[in-house]
Amino acid sequence: MDLYEGMPDPVRKAWERSLTTGRAAMSRRRLLHAGALAAGGAALAACGIPPAEGSKGGEAEDDTPDDSKKERTLNFANWPLYIDVDEKDKKKRPTLDRFERRSGIEVKYVEDVNDNNEFYGKIKPQLAAGQETGRDLVCLSDWMAGRMIRQGWAQRLDPANLPHAVTNLEDRFRAAAHDPGRQFSYPWAGTACVVAYNKKATKGKKVTSVRQLLEDESLKGRISMLTEMTDTIGLTMLDMGVDSMKFHNDDFDAAIARIQKAVDRKQLRRFSGNDYMDELNSGDIAACLAWAGDIVQLKMDNEDVEFAVPERGYLFGTDDLLVPAEARHQDNAEALIDYYYQPKVAAELAAWVNYICPVVGAQDEMKKIDSDLAADPLLFPDEEMIKKGRNFRPMNAKEEARYEDKFAKLIGA
């Protein structure tokens with residue numbers, strides 16, 4: 001059976017071309033099953049776990065043995081559909097295959113990060129016991145990468161093994177609140193949460209703000225927001241004039257209350273993961289919060305789909321590569337990280353996944369691949385776009401538990 005059977009053509013093409021399973025904590029990056037998107041998502045986990053025994057304040061033990069020289073292997077755990085594939089042979093991954101040939105490192109590439117909290121639950125017992133997880137390199141959303149670093153469950157990277165990454169990482173990605181100085185992680189891609197709408201469904205009306213989503217009567221019952229807490233709450237707070245980098249508990253509660261009011265009056269159709277794509281494409285959802293990479297893909301085949309960057313800002317984040325504590329092939333992992341920070345390689349990856357590229361020089365290389373993508377501010381943000389980007393501030397364990405619990409109740413998780 002065709003994996004995408006039954007999907008509208010634009011949605012099918014978008015899913016085939018890119019990582020349109022999202023990147024977030026509950027139902028994003030869910031796997032596709034035959035004929036439909038997999039339903040549901042993992043329940044949010046509230047965790048306040050002390051550093052693993054033997055770790056030192058955010059850093060794994062320096063004496064972890066590294067078998068990279070004698071074992072030219074690497075276990076890399078990533079999200080589904082988050083790497084380029086060959087259009088004719090889906091089993092081939094051109095950039096990764098080239099890395100293996102050039103480096104002599106055999107990569108066991110697994111797509112088992114379907115949900116941040118779910119994946120964290122898989123590896124937490126080993127990390128807490130000071131044991132290796134079976135993964136040498138993982139890709140996690142910035143807030144989860146920050147949790148791993150905070151717990152002492154990430155290995156400090158060696159800049160000497162990362163000449164391209166150190167040189168070519170865009171400046172705005174260096175000052176990461178969850179990893180100051182990028183000592184433990186490097187971005188695989190940047191993410192942006194914006195407003196999207198179907199022009200036919202809105203009868204030509206532009207939808208450019210969260211306020212419209214929550215209050216516009218003409219959109220009642222045809223709105224969706226995301227099951228990702230940081231994006232939905234962060235964008236709502238920005239719309240309320242609250243800086244998502246500096247908010248307090250009262251600000252968070254006010255955003256929850258505002259959305260709850262819209263839920264009670266049935267303004268919202270539902271909260272969703274990436275399955276909003278199908279409904280946005282058809283017009284069943286008139287407008288929604290959306291991830292930029294999804295919209296780049298959907299717009300290629302549906303001229304009615306449009307996006308807007310809210311005047312008060314959008315939520316910006318990263319999906320980060322890091323080496324878990326006790327991983328035995330750190331040098332090999334660093335070789336792969338550095339490889340993907342070569343501009344040509346980075347452009348090839350970005351041309352397929354269509355999320356923000358963090359590599360200096362990649363935009364010029366993209367011009368040789370696809371001039372339209374090179375000019376797209378959702379892949380290579382211009383100064384105006386960059387200025388509007390805001391992060392969701394780092395949370396301590398107590399805050400994480402509080403906020404996730406309140407958000408789970410709001411969305412009925």
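The values are calculated or read from the model by the stated rules, or taken from the named source; none is laboratory data. All figures in this text were calculated on a predicted structure; none of them were measured in a lab. With ideal geometry, Cβ positions are generated from the backbone for all residues, glycine too; neighbour counts draw on all protein chains shown. Heads up: the accessible areas ignore ligands, DNA and RNA and are worked out on the full protein's heavy atoms, side chains in. Shrake-Rupley method; radii C 1.70, N 1.55, O 1.52, S 1.80 Å.
Computed log10 I(q)/I(0) for segment 103-169 at 0.15, 0.18, 0.20, 0.28 Å⁻¹: -0.61, -0.85, -1.01, -1.34, from the Debye equation with unit scatterers placed on every C-alpha and solvent omitted.
Think of a 1.4 Å ball rolled over the protein heavy atoms: segment 311-408 then has 37 Å² of accessible area per residue. Remark: segment 109-115, residue by residue, has Karplus-estimated 3J(HN,Hα) of 9, 10, 9, 10, 9, 8, 6 Hz, where x stands for each Gly or Pro and the curve is 6.51 cos²θ - 1.76 cosθ + 1.60 at θ = phi - 60°.
Listed values for segment 160-176 are Karplus-derived 3J(HN,Hα) couplings in whole Hz (6.51 cos²θ - 1.76 cosθ + 1.60, θ = phi - 60°), namely 5, 8, 10, x, 5, 5, 4, 6, 9, 5, 4, 4, 5, 8, 6, 8, 7, and x replaces Gly and Pro. Length gained on full extension, Ala375 to Asp158, computed as 0.36 nm times the residue gap minus the Cα-Cα distance: 74.7 nm. The reciprocal of the average 1/r between distinct C-alpha atoms defines the Kirkwood hydrodynamic radius, which for segment 254-413 equals 18.7 Å.
Over the Cα atoms of segment 127-217, each weighted equally, I'd like the Debye log10 I(q)/I(0) at q = 0.21 Å⁻¹, rounded to two decimals. Evaluating at q = 0.21 Å⁻¹ gives log10 I(q)/I(0) of -1.05. Residues in segment 190-302 average 35 Å² of solvent-accessible surface per residue, probe 1.4 Å, ligands and nucleic acids excluded.
When the pairs Lys261/Lys299; Lys90/Lys199; Lys344/Lys367 are compared against a 22 Å limit on Cα-Cα distance, Lys261/Lys299; Lys90/Lys199 fall above it.
Note on segment 192-260 and segment 120-176: Cα centroid distance 31 Å, given to the nearest whole angstrom.
Residues whose amide H falls under 5 Å from that of Arg269, counting only those 5 or more places apart or on a different chain, are Gly221, Arg222, Ile223, Ser224, with hydrogens built in the peptide plane. The mean sequence distance of close C-alpha pairs (under 8 Å, at least 6 residues apart), as a share of the length of segment 166-273, puts its relative contact order at 27 percent. Starting from the 7 Å offset along Cα-to-Cβ, what nm value, one decimal, do you get for the label separation of Lys206 and Thr167? About 4.2 nm, to one decimal. Each residue of segment 279-285 was assigned a 3J(HN,Hα) from its phi angle through the Karplus curve 6.51 cos²θ - 1.76 cosθ + 1.60 (θ = phi - 60°); the sequence is 6, 5, 4, 7, x, 4, 9 Hz, with glycine and proline shown as x. Averaging the Cα positions of each part gives two centres, and for segment 311-350 and segment 290-306 these lie 25 Å apart. Label zone (Asn249, point 7 Å along Cα-to-C-beta; backbone nitrogen cut-off 11 Å) within segment 367-403: 399, 402-403. Ordered from longest to shortest, the equivalent ellipsoid semi-axes for segment 279-331 are 35, 15, 10 Å, each the square root of 5 times a Cα gyration tensor eigenvalue.
A simple count of charges around Lys70, restricted to other residues whose Cβ falls under 12 Å of its Cβ and scoring Lys, Arg +1 and Asp, Glu -1, yields -1.
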